[in-house]
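One structure is given here, and the rest of the page talks about it.
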Amino acid sequence: MRELDLADIQGGILRAYGRLGFPKGRSFFLSVHDGLKGRRFVEHLRPHVTTAARWVDPKRGEPLLRTRHPKVTDAIRAQGVDDYPGVVQLVKPKVAINVAFTFLGLLALEVPTRTLRGMPDEFIDGMEKRAAMLGDTPWLDKRDAIWRQAREKPVHILVSMNAEMDDGGAPVPELEARTQWLIGLCAASEGGVELLSGHGPTQAQYQDMSAVLRDDAGKAAPTNKEHFGLSDGFGDPVFVGQYGPKAVAIKQIGGGKLLPDQTWAPIATGEFLLGHPDEAQEIPGAAMPLEFSRNGTFMAYRKLHENTASFASYIKAQGETYASVAGLADLDEAQATISAKLVGRWNDGVPLMAAPTFQDWQAFNADLAAAQKAGDKAKLAAIAFKYVDFIYRPDPDGATCPVTAHLRRMNTRDMLDPHFTSAKPKDWMGSALNNRRRILRRGLPYGSVDGADAADDAEHGIVFLAVCASLFRQFEFVQQQWLQYGLDFNAGSDTCPIVGNHDPGEKGPAAKFVIATDPNGTDAPFICERVPQFVEPRGGDYFFVPSMTALRMIGMGIVDPT
């Protein structure tokens, strides 16, 4: 088991804050006008950055005083001692703070050229120059002002804040206090660092974010929904060193890599953290010195607008057609089925591979409700695994889950095994060709949607963060080859039905999506025609997320590439 230096790694890499009690967030973008003053700003910010070091959470009843040895802890507590030499404890913060830099930001902070030239080409280019590859070109003019004005006021630094909330659904007061603290820190830089405005239609100073909330006995509770009404956040990659032995044994199932013997294991650390061995059993070259790159990573920040009215109306219309063709009297069943086929999961997150039909889905949820009512922990654990523990070998033709569904494109699991259709288990390679394309998904929804009066032009969507060691090999490959193209799935130029670019241009064909049927049966496939644009990028960029060691090197101006 690899031991990671958690105190050297920024917390947002290992932790999905939105699922850990931080349902509120703000993203701040800054521009550096003076290198020396900018470095002083970074050095003042650094002590407030949240690391991946383990913390205790008083809300969960965890003791505030712990050591690795329970007997020592008990002895200290028996003496009534609140503090004890050698005992280090971290209490879960109300607000988690992390920081990242664009290439131009590192340049503005006067990081040595020899270090900068070791950075990967895609990071040096930045997201705007990669627009054609990413499929963003049609939407460049729709970006928020902060990205459209980037040539005059370039984005150099991202400061992210994730916060807890109160029972009414408002962020805890500490978030606003931290916001004012950051504004004051910029002012104290005496023109060295500027907080940029230009988010959304109001040109706000920061990008506000919030989990979609629900009412829970009069209290606001966060959900894993986004504004299309779909549940998200299942099956995030699990890598070596991310969790302790007990947790990783559970979380690697469905979240790790599939071995040839069909068991699961955590993915190599180097796929997500620089300076560690990756799935090729190599430590790739990185910016020098090694201490500058090690325990850092790269991140693609993308603001994705959701056309909720178009999504709802399309599902309704296609559901009506599907009901007519399939002879279904229940329109709700037809619409739910269309949505599930596009996504690969039912709207509550149950995968099609676990519940292929509407009736299977209803039975799945009935079993879940019965287990919850009975308090059957073993049954609940078995059901929980069904959300993530599945492969596509039993469904080579996509009759259960379409081969071009969003879920199947984002994580192909065993589908690209060269011996995928072989009946000989000794030939199987598991997910070997997929393991080098995985990304950590972070972020939160933004804006709100009126379910009774949804509108495409309102301000709502998802701030999506893709974290990986290689933006080119991981994020860009998935975005270009699997989401914006369909050749790997024998679907020609068909794009992802949810986040793909469906803009046909002036002469291009309208986007379509094929719902396959059993090739041995008599039913014809159902074609979802003229798929509208559901998701539109509103801007973003590529960022380097340094380790705490590298952050101090940047702030103190002591990066020595020799």
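The values are calculated or read from the model by the stated rules, or taken from the named source; none is laboratory data. Just so we're clear, the structure is a prediction, and the values are computed from it rather than from any experiment. Please note: Cβ atoms are built from the backbone with ideal geometry, for glycine as well, and neighbour counts cover all protein chains shown. For the accessible areas, the whole protein counts, side chains as well, though only heavy atoms, and no ligand, DNA or RNA atoms are used. Shrake-Rupley method; radii C 1.70, N 1.55, O 1.52, S 1.80 Å.
Taking every alpha-carbon pair under 8 Å whose residues sit at least 6 apart, the chain reaches a relative contact order of 22 percent.
Enter the accessible area per residue of the range 288-365 (Å², integer; probe 1.4 Å; all protein chains in place). Could you put the intermediate results ahead of the total?
Working: 2790 Å² over 78 residues.
I get 36 Å² per residue for the range 288-365.
Accessible surface for the range 181-252, divided over its residues, is 46 Å² per residue with a 1.4 Å probe. Checking the Cα-Cα distances for K142/K303; K24/K94; K59/K377; K59/K94; K59/K92 against a 18 Å cut-off, the pairs over it are K59/K377. Could you calculate the FRET efficiency of W181 with K316 from 1/(1 + (r/R0)^6), where r is the beta carbon distance between them and R0 is 56 Å, rounded to 0.05? E(calc), rounded to 0.05, equals 0.75. In terms of the mean number of neighbouring beta-carbon atoms within 10 Å, the peptides 334-343, 161-170 order highest first as 334-343, 161-170. The label-point distance for H48 and K219, in a model that sets each label 7 Å from Cα toward Cβ, rounds to 2.9 nm. A simple charge model with +1 on the Cβ of Lys and Arg, -1 on the Cβ of Asp and Glu and nothing else charged puts the dipole of the chain at about 1480 debye relative to its Cα centre. Between 0 and 90 degrees, the angle of helix 377-386 with respect to the longest Cα principal axis of the chain falls at about 80 degrees.
Each label point was placed 7 Å from the Cα along the Cα-to-Cβ direction; for T137 and K153 their separation is 3.0 nm.
Positive-end ranking of V350, I391, V403 along the dipole of the range 306-409, with charges on Cβ about the Cα centre, is headed by I391. Rolling a 1.4 angstrom probe over the range 493-562 with all protein chains present gives an accessible area of which 49% lies on carbon and sulfur atoms.
Ligands, DNA and RNA left out, the accessible area of the range 367-455 computed with a 1.4 Å probe is 55% carbon and sulfur. So what's the angle, to the nearest 10 degrees on a 0 to 90 scale, between helix 358-374 and the longest Cα principal axis of the chain? Approximately 50 degrees, to the nearest 10.
Taking every protein chain into account, the accessible area of the range 377-522 amounts to 46 square angstrom per residue (probe 1.4 Å).
Dividing the summed helix terms, -39500 (n - 2.57) for each DSSP H run of n ≥ 4, by the number of residues in the chain produces a 222 nm estimate of -7500 deg cm²/dmol to the nearest 500. Using only Cα atoms, tell me the angle between helix 35-45 and the longest principal axis of the chain; keep it within 0 to 90° and round to the nearest 10. So the inclination is approximately 80 degrees.
Of the trypsin sites (Lys or Arg not before Pro) found in the range 93-166, the ones in coil according to DSSP and having at most 14 other Cβ atoms within 10 Å of their Cβ are R117, R151.
With the whole protein complex present, I124 retains an accessible surface near 60 Å², based on a 1.4 Å probe. Here the extension length gained between H419 and H33 equals 133.4 nm, from 0.36 nm per residue of separation less the Cα-Cα distance.
In the range 129-198, the portion of solvent-accessible area held by carbon and sulfur atoms comes to 52 percent [1.4 Å probe, whole percent, DNA, RNA and ligands not counted].
Candidate values [x] 31.0; [y] 28.8; [z] 65.8 were compared with mean projected area of the Cα convex hull in nm² computed on the shown model; the agreeing label is [y]. Fully extending the segment from E190 to K246 would add 15.2 nm, taking 0.36 nm per residue of separation and subtracting the current Cα-Cα distance. For the peptides 185-196, 287-298, the ranking by mean Cβ contacts within 10 Å, running from highest to lowest, is 287-298, 185-196.
Computed extension length for A170-L90: 26.3 nm, one decimal, from 0.36 nm per residue of separation with the Cα-Cα distance subtracted.
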